[in-house]
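Working notes, beginning with the structure itself.
The values are calculated or read from the model by the stated rules, or taken from the named source; none is laboratory data. Being a predicted model, the structure only gives us computed values, none of them experimental. Don't worry about glycine lacking a Cβ; one is built from the backbone with ideal geometry, like all the others, and counts go over all protein chains shown. The protein model used for the area step is the full one, side chains on, heavy atoms only, and it has no ligands, DNA or RNA in it. Shrake-Rupley method; radii C 1.70, N 1.55, O 1.52, S 1.80 Å.
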Amino acid sequence: AKSRGRATYCLFQDGMGDAMRKRRQIEEDLHVAIADGELELYYQPRLDLETGHISSYEALIRWHHPQKGLISPGDFIPVAENSGQIIQIGKWVLHTALKDAAGPLAHARISVNVSPVQFRDTEFAEEVRQSLAASGVPAERLELEITENLLIEDDERALSILSSLKATGIKIALDDFGVGYSSLGYLSRFPFDTIKIDRSFIQQRGYNANSQAIIDTVVRLGKALNMSIVAEGVEDLDSLLFLRDSGCDELQGFFIGRPEPLSRMVLDTSPEIAA
Ligand code: C2E
Ligand code: CA
Ligand code: CA
Ligand code: CA
């Protein structure tokens, strides 16, 4: 037992120790980041295939680290979820997105990613309503993107919170659809307005006939359930044409537009796309 203990200790030192030190460093730096304004929202456009206009933007967080440069959310959101800092970050994201939705993005709808951890906060729904009211943005112009992880965690609670948000007019999107467990039961139980087909299906489409079949099926299913279908990860014209012909409602991806900070965005302000 003694030698096994030592072996575990060694492993921990060499492998996990590094990872843990890194996490702790990110955690520490994040405290500063929030206070010092190192976080920024980038916005990625969504093309409405019916009108041919940009109908909405997804807010995607970025971290400008003073030493390490630009850090992508995949590298710090999981850490922030673990430490609980996501609560504070999530509030900042919502507040900032709504401020922009009331200002430069006033012609479009706005989508905000919400972590399952934020839903554990009993104040969450009330805070969303308050931020919305304070911003003056109509509820219909705000969409929350959630993943099925939320539904797996505590689906009774999730259902009640989502229903109450929806009752105020906020739109709810199921993100990353098709990866994970994605039980079809979720689609009938939860009040989604939008299904976002995960980009892995779009990207395998060219060389995987099953992916095409799945996309077609999800589109038909979504239509039957009165949900709007968004495909993410659209990187080329071929994909755009295929997805248009499949009946998707909206497209998102590098081919349509990359996520960009407000300062670099060229806004399509055609009046006919006002929400
Ligand atoms: P997501 O919600 O699935 O967001 C889409 C991700 O795909 C974004 O990565 C986006 O930059 C990237 N993407 C968009 N179009 C394309 C494309 O055509 N090709 C490829 N290869 N990628 C594309 P990003 O910005 O690095 O965000 C990663 C994830 O971090 C997001 O995945 C989301 O889960 C999370 N995240 C981002 N912002 C927030 C936030 O404000 N709050 C929370 N809780 N999570 C966030
Ligand atoms: Ca998303
Ligand atoms: Ca995704
Ligand atoms: Ca995601």
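A few notes on this one:
- Accessible surface of the chain [probe 1.4 Å, protein heavy atoms]: carbon and sulfur percent: 52 percent
- Entry note: the chain has Rg to Rh equal to 1.00, where both radii use alpha-carbon atoms and Rh is the Kirkwood radius.
- Contact order for the chain, expressed relative to its length and based on alpha carbon pairs under 8 Å spaced 6+ residues apart, stands at 19 percent.
- Listed pairs LYS91/LYS166; LYS91/LYS171; LYS22/LYS99; LYS91/LYS223; LYS68/LYS196; LYS171/LYS223 exceeding 24 Å between Cα atoms: LYS22/LYS99; LYS91/LYS223; LYS68/LYS196
- Within the listed set PRO191, PRO66, PRO45, the residue fluctuating most in the Gaussian network model of the chain (springs between alpha-carbon atoms under 10 angstrom) is PRO66.
- Antiparallel DSSP beta bridges within the chain, percent to nearest 5: 45 percent
- Spin-label pair SER72/SER160, simplified geometry with 7 Å Cα→Cβ offset, distance in nm: 3.8 nm
- Extension gain (nm, one decimal) between GLU40 and ALA134, 0.36 nm per residue minus Cα-Cα: 31.8 nm
- Dividing the alpha-carbon radius of gyration of the range 123-209 by the rule-of-thumb value 2.2 N^0.38 Å gives 1.23.
- Residues whose amide H lies under 5 Å from that of HIS53, counting only those 5 or more places away or on a different chain, are ASP48; hydrogens are built 1.01 Å from N in the peptide plane.
- For the chain, built as a Gaussian network whose Cα springs stay under 10 Å, the top-fluctuating residue of ASN149, ASN208, ASN113: ASN208
- With each label modelled as a point 7 angstrom along the Cα→C-beta vector, the HIS64-LYS99 pair spans 1.4 nm.
- Alpha-carbon centroids, the range 109-125 and the range 30-84: separation in whole Å: 15 Å
- Net length gained if the chain between TYR207 and ALA224 were fully extended (0.36 nm per residue, minus Cα distance): 3.3 nm
- Difference of contour (0.36 nm per residue) and Cα-Cα distance, ILE152 to HIS31: 40.6 nm
- Sequence-distant residues sharing a close amide H with HIS65 (under 5 Å, placed H): LEU70, ILE71
- Solvent-accessible area per residue, Å², over the chain with all protein chains present [probe radius 1.4 Å]: 51 Å²
- Ranking by accessible area, most exposed first, for ARG21, ARG244, ARG46, ARG157 with a 1.4 Å probe: ARG21, ARG244, ARG157, ARG46
- The orientation-averaged projected area of the convex hull spanned by the Cα atoms of the range 35-188 comes to 10.2 nm².
- Top of LEU41, LEU241, LEU142 by mean-square fluctuation, Gaussian network on the chain, Cα under 10 Å: LEU241
- Inverse of mean 1/r across different Cα pairs in the range 20-64, Kirkwood, Å: 12.8 Å
- When Rg and the Kirkwood Rh are both derived from Cα coordinates, the Rg/Rh ratio for the range 158-239 amounts to 1.01.
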